[in-house]
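Data first, discussion second: the structure below is written as structure tokens.
Just so it is clear, none of the values below were taken in a lab; they were calculated from the coordinates. These figures come from a predicted structure and were not determined experimentally. When we count neighbours, we look across all protein chains shown, and the Cβ atoms used for this are built from the backbone with ideal geometry, even at glycine.
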Amino acid sequence: MWLKENVFRRKSYWEIQSSQRLSPTVRGMIGIREKVGEFLRCSIGDGRAATFWFDWWTDLGPLLNALGERGPRDLRIQLSATVADAAVNGEWSLPAARSEEAETLQIVLSTMAPPLSHRGPDKYLWRNDGNQYVPRFSSRSTWNRIRVAAPTIPWHKLVWFKEEIPRCSFTVWTAILGRLPTRDRSSVWGLSIPLNCVLCSSGIETHEHLFFQCPYAVAIWTHFSRSVIAAPPTSLLACSALLNQVPWQNSPALSAILKLLLQVITYVLWTERNFRIFRDLASSQQASIMRVDRMIRDRLLSIPPRPPPAPSLMQLFFSFSLSPV
Ligand SMILES: [Zn+2]
């Protein structure tokens, strides 16, 4: 409280810039801000303490990272807003989504109870040894978690690369983190909704099922990969492993096409799933295959051709997909 009144004033811990006028202790606290974020979660009660943009209160992480600098303008929510500012009379109140990220946020919020005064104050939870979030801070278990170096996951190159399509990168990034609100996860949050996949009506909707194992997904993957891969990938990890093998590893162009396919197929499957659930609109497998094809061609057309004799990315893409349907 003393810190809030005398040091941070109207800015929160997450916003304040480090400066020489601050004491070394406070500067140290600001320096470990990112690390703290990994250990702290906020469980929303009345929404009056949690900051909308900086606290980790949804599965998307701090929303300023997820929606970027233009987030506050797009959502018309000030940088200093609390979570309560995003709700009116017990309902979430956000403007119509203007970006894929904002749409994903709205989908995530639709699975979360809005802040209400009778739910009591927001609670900050710390990660313990068992990877669960608990109300009490333990320096021992936090230290245990910090000192075990996290294994390096080579997925960043699956998400961010020169030929990426930004709105698709966001979906793949969220999928790799396992944070899209698939039905298996919503049920863990205590929401009573059907668990079955809306694309095939038979499997349980998990990340792996929706993007790789669902017959609908397999049909799309097979169409685009059967002339170059013996069997379509069965998971994000399998995609990552494939890129580390010959010939992919030696050919930036080939791996760019595979990464683009991963992005666009994931994106098309996720939006198809959302259309079916939220808008009651369904497209056939063939229509989704054409959508993937068109999105990739549009992207490749915008990339300047490489000097001969290297084949263009478009020619390479044709070698992936020019097989009879
Ligand atoms: Zn399915």
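For the stretch 91-102, taking the residues that are in contact (Cβ under 8 Å) with a residue 40 or more places away in the chain and among the charged types (D, E, K, R), the one that is farthest from THR51 (Cα to Cα) is identified as GLU100. Listed conditions (1) touching a His at 6+ places or on another chain (Cβ under 6 Å); (2) within 17 Å of ASP293 (Cα to Cα); (3) not acidic (Asp, Glu) are all met by GLY203, apart from (2). Here SER225 does not qualify as surrounded by fewer than 20 Cβ atoms within 10 Å (Cβ to Cβ) and among the polar types (S, T, N, Q).
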